[in-house]
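The values are calculated or read from the model by the stated rules, or taken from the named source; none is laboratory data. Keep in mind that what you see is a predicted model, and the values were worked out from it rather than measured. Here the Cβ is made from the backbone with ideal geometry for all residues, glycine too, and neighbour counts use every protein chain on show.
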Amino acid sequence: MNEGVVQFLPLIILFAIFYFLIIRPQQKQQKAHQEMLNSLSKGDKIVTSGGLMADIVKVEEDFIKIRLNDSVIVKLDRAFVTKKVEIGNENTKL
């Protein structure tokens, strides 16, 4: 019985390393992104996955309406919002 545990010890250690270096950080990043999506509100500046910067006009359940310029308003799926741009950081390199 003790030899069986010793044989699987390297595999268990490898899985633990894999979990703490890859799986856990990815879960934290996904959680932070989901919280950012849930906190979006009218007037926020965002960057889409296509690289467009836009202002949020209206927040709906699955979609948001964004203003690309003075005359263009489009509907965007929330999943395509990459990040929220903080006021004053619009001109920083993305």
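Scoring ILE66 on the criteria (1) surrounded by 10 or more Cβ atoms within 10 Å (Cβ to Cβ); (2) modelled with pLDDT under 95 leaves a single failure, condition (2). Restricting segment 49-85 to residues that are out of contact with any Lys or Arg (no Cβ under 9 Å at 6 or more places or on another chain) and among the basic types (Lys, Arg) leaves a set whose member that is nearest to GLN30 (Cα to Cα) is LYS83. The set of residues in segment 69-89 being of a type outside the set (Gly, Ala, Ser) and either in a helix (DSSP H, G or I) or exposed (fewer than 14 other Cβ atoms within 10 Å of the Cβ) (or both) consists of ASN69, ASP70, VAL72, LYS75, ASP77, ARG78, PHE80, LYS83, GLU86, ILE87, ASN89.
Could you go through segment 50-58 and let me know if any residue there is assigned to a loop (DSSP other than H, G, I, E, B) and either surrounded by fewer than 10 Cβ atoms within 10 Å (Cβ to Cβ) or under 14 Å from the mean Cα position of the chain (by Cα) (or both). Yes - at least one qualifying residue is present in segment 50-58. Before we move on, is LEU40 farther than 23 Å from ILE87 by Cβ and within 19 Å of the chain's Cα centre (by Cα)? So LEU40 fails the test.
Within the set of pairs 6+ apart or on separate chains, which have a first residue in segment 26-47 that is closer than 26 Å to ASN69 by Cα, a second that is acidic (Asp, Glu), and C-beta atoms under 6 Å apart? Listed by first residue and then by second, the contacts come to LYS45/ASP55.
Entry remark, segment 59-68: residues being part of a loop (DSSP other than H, G, I, E, B) and either within 19 Å of ILE87 (Cβ to Cβ) or touching a strand residue (DSSP E or B) at 6+ places or on another chain (Cβ under 9 Å) (or both) number 3 in total.
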